[in-house]
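Everything on this sheet refers to the single structure shown next.
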Amino acid sequence: STLFSAIDMAPRDPILGVTEAFNADTNPSKVNLGVGVYYDDNGKVPLLACVQKAEALLMEKAAPRTYLPIEGLAAYDRAVQDLVFGADSAVVREKRAITAQAIGGTGALKLGADFLKRFSPDAQIYISDPSWENHRALFESAGFQVNTYPYYDANTRGVNFDGMLQALQTMPAGSVVVLHACCHNPTGADLSDAQWTQIIEVVTSRGLIPFLDMAYQGFGEGIEADGQVVRRFADAGGPLFVSNSFSKSFSLYGERVGALSIVAASAEEAARVMSQLKRVIRTNYSNPPSHGGQVVATVLSTPELRQLWEDELAGMRVRIREMRAAFVAGLKEAAPNHNFDFVMQQRGMFSYSGLSKEQVTVLREQHSVYAVDTGRICVAALNSKNIGHVLSAIAQVL
Ligand code: PLP
């Protein structure tokens, strides 16, 4: 036998598999709701005007492409801290927060996982049930055992808050709890402010390590409102891990722009943490790519471009909400015996629609409407042209 002859075929990625099937479909009215990407009303991934303008400025500068520092572009890391924690926040002012540019939100999670494996190798990791499926894979591949805490309640189509709280109360101290800071993927079900107060209280008092994943800042209620959970955890003191991504909020998917921030108890502690995080980065990919970070740093630090970004992000958020409303209203008409009002309560790009695996199969095979087997649909892939077909297809499978 040879090195490769005994290697099994790895399972297909469940979400990317949906897109592969979609691409092979020749039906002209096909719709892909299985994606995790924002499309505009023409069904296109937008190139934001703020990004184009920042790129024009960068082109003009024609700067040489040197290596970035291990932790990334300083202006970018500072801009991320201001956005995520607030420029006037205690953790930024007191230099208790450190931030390293990362290769998207995924890269930030991977850095956090590798860092934790070095310094807390026996920690238990807890992710929500359900969660973004890569959470489990990322922490497992870093060498951890990954557990779940109750999150979604299919009966209420909201959060099983009592179950979640109870789980937090029984986790071993030092466990790492991965929490979605806003716009939960895949369910769209978020905690209320009052519920977060209780979560922060139990996480802090029980000595659990919060790892906040924020991939959709600005897609829920707004940039500031969506960032509140991170700020409240930061106010409660460290240790705290925050991974954030600009893939969706800047529509910069392929540029791979994200960051990992860690909050420590003092500036001195934070400096030691940063020195070790740099070792993790150095042995992974040495230092991050520069283009996406330059673009985001330019937009965030140029008042006129920053305003443009906020307006464009608001446009995406509002369009998604309009699609939610059209989805609910359309099904009220097409399937009056079913209640989809819960879709309006959900936040972000996704909705756990309640469609069963069987219904998803019929949608795909008979109507060329593609969703994830769990019933997750991407509301941001609906538009004024395809929603009619989607609604009539769903009404027929209900
Ligand atoms: N975390 C969550 C919850 C996500 O949904 C995603 C992307 O879908 C990510 C992280 C990763 O983001 P990125 O594409 O920037 O790696």
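Bear in mind these aren't lab numbers, they're just calculated from the coordinates by the rules spelled out. What you see is a predicted model; the values in this text were computed from it and never measured. Note that each Cβ is placed from the backbone with ideal geometry, even for glycine, and that neighbours are counted across all protein chains shown.
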Conditions (1) more than 16 Å from the ligand (Cβ to nearest atom); (2) crowded, with 17+ Cβ neighbours inside 10 Å; (3) not aliphatic (A, V, I, L, M); number of the one not met by residue 169: (2)
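For (1) outside any loop (DSSP other than H, G, I, E, B); (2) surrounded by 15 or more Cβ atoms within 10 Å (Cβ to Cβ); (3) without any contact (Cβ under 8 Å) to a residue 60 or more places away in the chain, each residue gets a yes or a no:
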position	(1), (2), (3)
280	yes, yes, no
293	yes, yes, no
299	yes, yes, no
309	yes, yes, no
314	yes, no, no
318	yes, no, yes
325	yes, no, yes
328	yes, yes, yes
333	yes, no, yes
So which pairs qualify, if the first residue must be in the stretch 118-132 and closer than 18 Å to residue 351 by Cβ and touching a residue at least 40 places away in the same chain (Cβ under 8 Å), the second must be in a loop (DSSP other than H, G, I, E, B) and aliphatic (A, V, I, L, M), the Cβ gap must be under 9 Å, and the two must be at least 6 apart or on different chains? 132/215
Collect the residues in the stretch 1-21 that are closer than 16 Å to residue 372 by Cα and either part of a loop (DSSP other than H, G, I, E, B) or among the aliphatic types (A, V, I, L, M) (or both), keeping them in residue-number order. 11, 12, 13, 15, 16, 18, 21
Give me a count of the residues in the stretch 335-347 that are among the polar types (S, T, N, Q), assigned to a loop (DSSP other than H, G, I, E, B) and under 24 Å from the mean Cα position of the chain (by Cα). 1
Taking the stretch 1-60 and keeping only residues that are under 23 Å from the mean Cα position of the chain (by Cα) and among the small types (Gly, Ala, Ser), one is left with 17, 34, 36, 43, 49
Is one or more of the residues making up the stretch 47-59 assigned to a loop (DSSP other than H, G, I, E, B) and closer than 17 Å to residue 292 by Cβ? yes
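Return the residue satisfying two criteria in turn: it lies in the stretch 256-278 and is in a loop (DSSP other than H, G, I, E, B) and under 25 Å from the mean Cα position of the chain (by Cα), and of such residues it is farthest from the ligand (Cβ to nearest atom).
Checked the stretch 256-278; the qualifying residue farthest from the ligand (Cβ to nearest atom) is 264.
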Filter the stretch 48-92 down to the residues that are under 28 Å from residue 222 (Cα atoms) and of a type in the set (Gly, Ala, Ser) and list them by number. 49, 54, 56, 72, 74, 75, 79, 86, 87, 89, 90
If you scan the stretch 214-230, which residues turn out to be acidic (Asp, Glu) and either closer than 15 Å to residue 260 by Cα or in contact (Cβ under 8 Å) with a residue 24 or more places away in the chain (or both)? 221, 226
Could you please find all residues in the stretch 22-76 being among the aliphatic types (A, V, I, L, M), under 24 Å from residue 349 (Cα atoms) and either touching a Cys at 6+ places or on another chain (Cβ under 8 Å) or surrounded by 15 or more Cβ atoms within 10 Å (Cβ to Cβ) (or both)? 31, 33, 35, 37, 48, 51
List pairs: first residue in the stretch 247-269 and within 18 Å of residue 237 (Cβ to Cβ), second residue near the ligand (Cβ under 10 Å from one of its atoms) and of a type in the set (S, T, N, Q) anywhere in the structure, Cβ distance under 9 angstrom, at least six positions apart or on different chains. 261/243; 261/244
Restricting attention to the stretch 201-251, and to residues there that are surrounded by fewer than 24 Cβ atoms within 10 Å (Cβ to Cβ) and among the acidic types (Asp, Glu), which single residue is nearest to the ligand (Cβ to nearest atom)? 226
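Could you tell me whether any residue of the stretch 61-71 is in a helix (DSSP H, G or I) and of a type in the set (A, V, I, L, M, F, W, C)?
No: the stretch 61-71 contains no residue that is in a helix (DSSP H, G or I) and of a type in the set (A, V, I, L, M, F, W, C).
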